[in-house]
Amino acid sequence: MSELLDFPKRTIHLDFHTGPDIPDVGTEFDPDKFARTFLEAHVDSVTVFAMCHHGHLYYDTDHPARHPGLPRNLNLLEQQVEALRKVGIRAPIYLSVQCNEFAANEHPDWIALDAELKQVKRGAGRFKAGWQILDMSSPYQDFLADILQEVLDRFAPVDGVFMDMCWDQPSCSVWAVKGMARKGLDPRKEEHRARYAREVAHEYMARYRGMVEEAQRKHRPAGIWFNSRPKTNLAEEKKFLRHVEIEALPTGGWGYAYFPYVARFVRPLQLPTLSHTGRFFKSWGDNTSLKPEMALKYECCQILSQGMTNGVGDLLHPRGLPSEAVYSLIGRVYRHIQACEPYVEGGKLLSQIALLVHPQLGDRPGPAGLGATRALQQLRQQFDVVPPDAGLDGYELVIVPETTRIDEALKSRLEAYVKQGGALILSGPAALGEDDEAVLKEQGVRVLGPSPYSHTFLHALPPVSQNLADYGYVMYEPGFRMMPEPGAETLAAIGEPYFEREFDRFSGHDYTPEERISEYAAAVKNGHVITFAVPIFEAYGKHAAPNYRQLLGNCINLLLERPLVRADGPSQLETTVVRTASATVVHLLSFSPERRAEQLDIVEDAFPLVNMPLFIRTPQAPSRVYMAPNETELEYEYKDGYVSTRVTVLDGHAMVVALD
């Protein structure tokens with residue numbers, strides 16, 4: 001579906017949500033200056049607005065929703081598209097879907113209602129500013145289809161369509177209740193309302209996609225993107241799409257852990273993907289703020305390192321004049337990105353590990369999923385996040401975290417995978433079947449019920465004790481009791497406290513001290529299978545104790561003896577490995593987000609890497625090894641399939657290229 005798609009590399013998502021009381025919309029718009037601003041900032045695509053959250057239109061139309069402050073002689077969208085295309089910049093078109101103030105005010109019966117028949121509204125409350133949410137099972141769906149058709153009639157062939165605010169919205173409106181009845185669903189049941197909302201979303205996605213496809217039938221294909229939907233739905237919903245866009249503003253509520261997880265879930269789908277952060281210090285609507293340059297560089301380099309193209313969110317002033325300060329900042333970062341792109345063009349990201357996470361957890365899989373992602377990233381392991389029904393043949397190690405329970409279908413596939421020589425790590429509840437026994441005989445463990453203690457103590461034994469003290473490290477989360485079967489090996493022992501802390505029996509400020517090392521195991525290895533009796537990923541996600549990550553890394557090293565890359569850098573160093581037609585390329589990212597305000601992580605500086613040892617597995621001895629994009633030559637040795645070199649990176653991002 002996507003093979004002919006003209007896909008951008010450095011985009012701008014140009015927000016233009018402009019309320020009806022703004023009187024001078026577009027009055028400072030200059031087509032040539034508008035286009036030149038983006039061209040000089042190394043931008044190749046700008047998403048421009050046909051209809052904003054206020055429901056207003058910005059093109060030549062007789063529709064009453066045309067913005068009242070837009071002069072009648074100014075067809076803003078037409079001029080924006082023409083100016084951008086004139087200098088070779090794409091201009092996809094934006095339409096808001098479930099946020100539409102004009103439609104909500106004109107047709108209050110189209111607003112989604114909750115189970116108490118209260119209107120659904122972002123911001124909550126009658127007297128607080130916030131977006132009213134429309135019900136897509138109401139006539140509003142047709143209202144929006146008419147506007148989309150008008151846009152396509154005026155602008156086709158389009159460079160793409162971006163439809164925003166497309167989450168599954170349950171509703172108890174008269175339209176939704178009648179629709180559920182037609183489908184045999186019970187509107188009294190929350191799960192039926194959620195199911196109907198999903199079905200309605202898929203219906204309008206198919207409808208609107210069909211309209212775009214028809215408009216482009218005689219032209220180059222153009223993608224339509226339905227934003228605000230979980231990326232974990234994509235295995236099912238990619239039939240509606242030609243590409244993927246990931247919205248991820250780390251300071252806007254997403255956080256710096258969100259994108260690395262979602263990106264690794266999207267990568268195996270092999271659809272063209274762009275991700276956009278924002279130039280805002282905080283989030284959308286923080287209009288006249290700028291984030292530090294190193295923060296924007298980190299976010300854009302991270303996107304590039306995940307094999308995706310870049311996007312930065314901006315907001316155009318109502319008068320239509322882009323900010324010089326904004327595009328000076330973006331231009332400096334995009335100049336670096338553009339310089340880096342040729343070294344990974346057409347490359348494939350390499351992964352040795354599959355992390356199995358259930359799509360029902362959505363894009364925010366809780367402490368277990370994020371703990372696993374953070375730990376593996378900090379260990380410099382190369383991995384994908386995949387659903388339980390994904391193919392496993394290309395992976396050397398499969399990890400099943402605590403929140404992924406193994407059903408019969410997955411059990412059979414894992415048994416076959418291990419039989420064929422694959423390695424496996426199971427953690428906590430994922431290691432247990434419905435009978436609370438070991439889910440696979442290949443685990444080689446005997447389960448003796450849940451631990452009676454909320455806190456136990458981890459003692460790493462010699463095979464996995466590297467960089468760990470001879471010490472009982474506290475495990476803050478409860479697990480189960482486990483012993484190895486004959487032939488299996490205990491890797492870490494469990495220490496147990498004198499007694500469980502209770503209101504009438506306790507010792508000290510917190511958990512009870514350790515009494516002894518018990519007969520039970522925290523981790524057992526049987527062949528190529530390791531079982532953790534404690535929720536190591538959840539615990540790392542909740543508590544970030546470095547000893548949990550170290551123990552996990554030592555266990556992985558037993559199963560994955562030849563990783564794609566080894567780097568002795570700081571824990572915040574991120575690596576990805578790309579294989580191109582002629583080289584192995586390793587991205588090195590070293591930045592340090594810091595919590596400087598409540599609920600806000602800031603990146604202001606890069607974290608220098610100085611003379612850091614680096615080992616890269618390559619298919620053959622390289623002819624040349626150098627740093628990109630500056631092409632600084634590196635001294636290196638090649639032995640046992642690994643390039644060994646030393647690197648210095650002072651500005652946060654570089655690539656090491658090992659040329660065949």
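FYI, it's all coordinate maths here, none of it is from the lab. Predicted model, so just to flag it, every value in this text is computed and none were measured. Here the Cβ positions follow ideal geometry from the backbone for every residue, glycine too, while neighbour counts run over all protein chains shown.
At q = 0.06, 0.09 Å⁻¹, work out log10 I(q)/I(0) for the chain with the Debye formula, treating every Cα as an identical point scatterer and leaving solvent out; two decimals please.
Scattering profile of the chain, log10 relative to I(0): -0.39, -0.85.
Give, in nm to one decimal, the length gained when the segment between residue 470 and residue 269 is fully stretched (0.36 nm per residue of separation minus the Cα-Cα distance).
Here the segment from residue 470 to residue 269 would lengthen by 68.0 nm.
So between residue 109 and residue 660, what do we pick up on full extension, going 0.36 nm a residue minus the alpha carbon distance?
In short, 191.9 nm is gained.
Provide Rg and Dmax in Å for the stretch 351-559, with only Cα atoms included in the calculation.
16.4, 54
Would you kindly derive the ³J(HN,Hα) couplings of the stretch 60-66 from the backbone phi angles with the Karplus curve 6.51 cos²θ - 1.76 cosθ + 1.60 (θ = phi - 60°), listing them in order in whole Hz, with x for Gly and Pro?
6, 8, 8, 4, x, 7, 4
Using +1 at the C-beta of Lys and Arg and -1 at the C-beta of Asp and Glu, which of 394, 539, 283 has the Cα lying farthest in the positive direction of the dipole of the chain?
394
Taking the 0 to 90 degree range and rounding to the nearest ten, how far is the long axis of helix 31-40 tilted relative to the main principal axis of the chain, both from C-alpha atoms?
That works out to roughly 20 degrees.
If I fit a long axis through the Cα atoms of helix 293-305 and take the longest principal axis of the Cα atoms of the chain, what angle between them do I get, 0 to 90°, rounded to 10?
The two axes meet at around 70 degrees.
What do you get for the angle between helix 408-419 and the principal long axis of the chain? Use alpha-carbon atoms, 0 to 90 degrees, nearest ten.
60
Please list 3J(HN,Hα) in residue order for the stretch 146-159, calculated via the Karplus relation 6.51 cos²θ - 1.76 cosθ + 1.60 where θ = phi - 60°; whole Hz, with x for glycine and proline.
Going residue by residue, I get 5, 5, 4, 5, 5, 4, 5, 4, 7, 10, 5, x, 8, 8 Hz, with x marking Gly and Pro.
How far apart, in nm, are the 7 Å Cα→Cβ label points at residue 33 and residue 485?
Simple spin-label model gives 7.6 nm for this pair.
Throw me the Rg/Rh for the stretch 10-343, computed over C-alpha atoms with Kirkwood Rh, two decimals.
0.95
For the stretch 565-659, what is the per residue volume of the convex hull drawn over the alpha-carbon atoms, in cubic angstrom? If you can, show how the numbers build up before the last one.
On the way: hull volume 9.4 nm³, N = 95.
Normalising the Cα hull of the stretch 565-659 by residue number yields 99 Å³.
Rounded to whole Å and sorted largest first, list the principal axis extents of the Cα atoms in the stretch 1-75.
40, 32, 19
Counting other Cβ atoms within 10 Å of each Cβ, which chymotrypsin sites (Phe, Trp or Tyr not before Pro) in the stretch 486-529 have at most 14 and sit in a DSSP loop?
Listed in order of number, the matching sites are 498, 499, 503, 506.
How much length is gained on full extension from residue 40 to residue 335, taking 0.36 nm per residue of separation minus their Cα-Cα distance?
Answer, rounded to one decimal: 105.2 nm.
What FRET efficiency would be calculated for the residue pair residue 239, residue 85, taking the C-beta separation as r and a Förster radius of 25 Å, to the nearest 0.05? If you can, show how the numbers build up before the last one.
Numbers: r = 30 Å, r/R0 = 1.19.
It comes out at approximately 0.25.
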